[in-house]
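Student: Below is the structure I would like to discuss, written out as C-alpha cells.
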Amino acid sequence: MFEKNLEIGYLLDFYGEILPERRRDIMDLYYNDDLSLSEIAEQMGITRQAVRDSIKKTEQELFFYEEKLGLRRRLTEAETRAETALALCRAASETIPPALTEELEAIRRAVAPE
C-alpha cells in the first residue's frame with residue numbers, strides 16, 4: 001500500500017481545477033474524504049487498480065505542474081518574506097511608520113490567511 005502524501009493535498013488546492021473532472025473527483029475522494037481505493041472504485045464504478053493508477057498518474061501530473069509553474073513554492077516564499085519584513089518593522093517600530101507595518105500585516109494575511 002502507498003502512503004498519502006500531504007504535499008499532494010496542497011498541490012490539489014493549487015492545481016486541482018485544471019485536472020480532468022473524473023481524476024479530480026478521485027483525488028478529492030482519496031485525499032479529502034479519506035476513502036479507500038476500494039470505496040472509491042465502488043463509488044466510481046471502476047476497478048481498484050484503475051483508481052490506484054489514476055491517483056498515481058495525477059500525483060505525477062501535480063508534481064509536474066508545480067515543477068513548471070511553482071505556484072506553491074512562490075506562495076511559500078511570499079509568506080516567508082512577508083513574515084520577515086513584518087518582524088523587521090516590529091523590531092524597528094520607532095523608525096518605521098505605522099502605516100507601513102499595517103500594510104505589511106495586510107500582505108501577510110493575504111498570502112497566509114489564519
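What follows draws every value from the coordinates through simple rules; no lab data is involved. Just so we're clear, the structure is a prediction, and the values are computed from it rather than from any experiment. No Cβ is skipped: glycine too gets one built from the backbone with ideal geometry, and neighbour counts run over all protein chains shown.
Student: Between the range 73-111 and the range 1-67, how many Å separate their Cα centres?
Tutor: Taking the Cα centre of the range 1-67 as reference, the centre of the range 73-111 is 36 Å away.
Student: Tell me, what ³J(HN,Hα) does each residue in the range 25-39 have, in order and in whole Hz, if you take phi through Karplus 6.51 cos²θ - 1.76 cosθ + 1.60 with θ = phi - 60° and put x for Gly and Pro?
Tutor: 5, 4, 5, 5, 5, 6, 8, 8, 8, 6, 7, 7, 4, 5, 5
Student: Within the set of other residues whose C-beta is less than 10 Å from the C-beta of Tyr15, count the net charge using Lys and Arg as +1 and Asp and Glu as -1. Working shown, then result.
Tutor: Working: positive: Arg24, Arg72; negative: Asp13, Glu17, Glu61, Glu66.
Result for the local shell: -2.
Student: Here is a follow-up. What does the charge count around Gly45 come to, taking other residues whose C-beta lies under 13 Å from its C-beta (Lys +1, Arg +1, Asp -1, Glu -1)?
Tutor: Around Gly45, the charge tally is -1.
Student: Once the cut-off is 17 Å, how many percent of the Cα-Cα pairs in the range 72-111 end up in the long-distance tail? Don't skip to the end; give the middle numbers.
Tutor: On the way: 201 of 780 pairs.
In whole percent, the long-distance tail amounts to 26.
Student: Using a Förster distance of 25 angstrom, determine the FRET efficiency expected from the C-beta separation of Asp34 and Lys56, and round it to 0.05.
Tutor: Values: r = 18 Å, r/R0 = 0.71.
Between Asp34 and Lys56 the formula returns 0.90.
Student: Would you compute, from DSSP H runs of 4+ residues alone, the mean residue ellipticity of the chain at 222 nm, taking -39500 (n - 2.57) per run and dividing by the full residue count, rounded to the nearest 500?
Tutor: On the way: 6 runs with 82 residues, N = 114.
The helix-only estimate for the chain comes to -23000 deg cm²/dmol at 222 nm.
Student: Let me ask something additional. Taking the Cα atoms of the range 1-77, report the difference between the largest and smallest coordinate on each principal axis, in whole Å and largest first.
Tutor: Computed over the Cα atoms, the extents are 40, 22, 17 Å.
Student: Rounded to the nearest 0.05, what FRET efficiency do Leu71 and Glu94 have when you use their Cβ-Cβ distance and R0 = 30 Å? If you can, show how the numbers build up before the last one.
Tutor: Details: r = 38 Å, r/R0 = 1.25.
It comes to 0.20.
Student: Report the one residue of Ala106, Thr80, Thr95 whose Cα lies farthest in the direction of the positive end of the charge dipole of the range 72-111 (charges on C-beta: Lys and Arg +1, Asp and Glu -1; origin at the Cα centre).
Tutor: Thr80
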